[in-house]
Amino acid sequence: MSKRTSEAARARIAAQREALRKQEQRKRITMIVTIAVIVVIAAAFTVWSVRQGASEEATGSVAPISVEKDGTVVMAKAGVTKPVVDVFEDFQCPACKQFEETSGSTLKNLAAEGKAKVVYHPITIFTEDPTKSNSLRAASAARCITDGRQWLAFHDLLYKNQPSETVSGFSADELIKWGKQAGVTAPDFDSCVREQRNVAAHQQFSSQTMTAQKLQGTPTIKIDGKELDTNVAFVPSSLRDAVESAGK
């Protein structure tokens, strides 16, 4: 091998080594950046999860509850008229269940503290079965209850036992059972549930409410008529801040 050929071979080897070095360097940089991104995303998700999951514990104290003739239910201490927190909900709506699990206790506590008048508006937003029929049965059954505390207990049991959107649920037998668990003793409760006596009234109320309130979906939470962003409604601390600020 000539001297010139030997030098050329060494140059190629050196170039290959340099290319390999740069390739490994790029891999290390990419790995470091990827790990950093993962760490940032994980940290952000952890903070978000903590905020979402930081539900208030129910104090056990409950403000007086009245069941109105139109199907709405008012929870407020005597003399408390503002701020008004309107909760437009559908018992079959998964997001409503999530809201109840996340922020339901906050609303109960605020009402018990005399810081808000909470008004529940059960409606049916679904137009296809089985979700529509499920929602109608549940809402009709809830209207069979005239005692406020029993209604609230039944309300909570409906969300706790909410069926999947793909199956027929909220059967008459289940609704009657949960009514008993909620403390309902009215002699006509069973027949009221089985006959779905309140379906027509509920459907009319739902239609009128959705039109009047210009609702796009559930849950919709309003404070003194102003709709809350979900990032506020679904974060208990933010919901509390919004309600308390409205009361000042």
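The values are calculated or read from the model by the stated rules, or taken from the named source; none is laboratory data. On a predicted model such as this, the values are computed, not experimentally measured, just so you know. Cβ: placed from backbone, ideal geometry, glycine included. Neighbour counts: every protein chain shown. Calculation scope for accessible area: heavy atoms of the full protein, side chains included, ligands and nucleic acids excluded. Shrake-Rupley method; radii C 1.70, N 1.55, O 1.52, S 1.80 Å.
For the reader, a short list of remarks on this structure follows.
- Each part gets one Cα centre, and for segment 68-135 versus segment 194-225 those centres are 11 Å apart.
- 19 Å Cα-Cα reach of Lys226 towards lysines, excluding residues that sit fewer than 8 places from it in its own chain: Lys82, Lys115, Lys117, Lys214, Lys248
- Taking every protein chain into account, the accessible area of segment 121-248 amounts to 50 square angstrom per residue (probe 1.4 Å).
- Listed residue (Thr59, Cys96, Pro83) projecting farthest to the positive dipole end of segment 54-101, Cβ model: Pro83
- Here the Kirkwood formula, the inverse mean of 1/r across different C-alpha pairs, assigns segment 64-210 a hydrodynamic radius of 15.3 Å.
- Ala201 versus Ala246: modelled label distance in nm, points set 7 Å from Cα along the beta carbon direction: 2.7
- Directionally averaged projected area (convex hull, Cα atoms, segment 154-196), nm²: 3.1
- Enclosed volume per residue, in Å³, of the convex hull spanned by Cα atoms of segment 55-145: 97
- Range of Cα positions in segment 139-248 per principal axis (Å), largest first: 45, 29, 28
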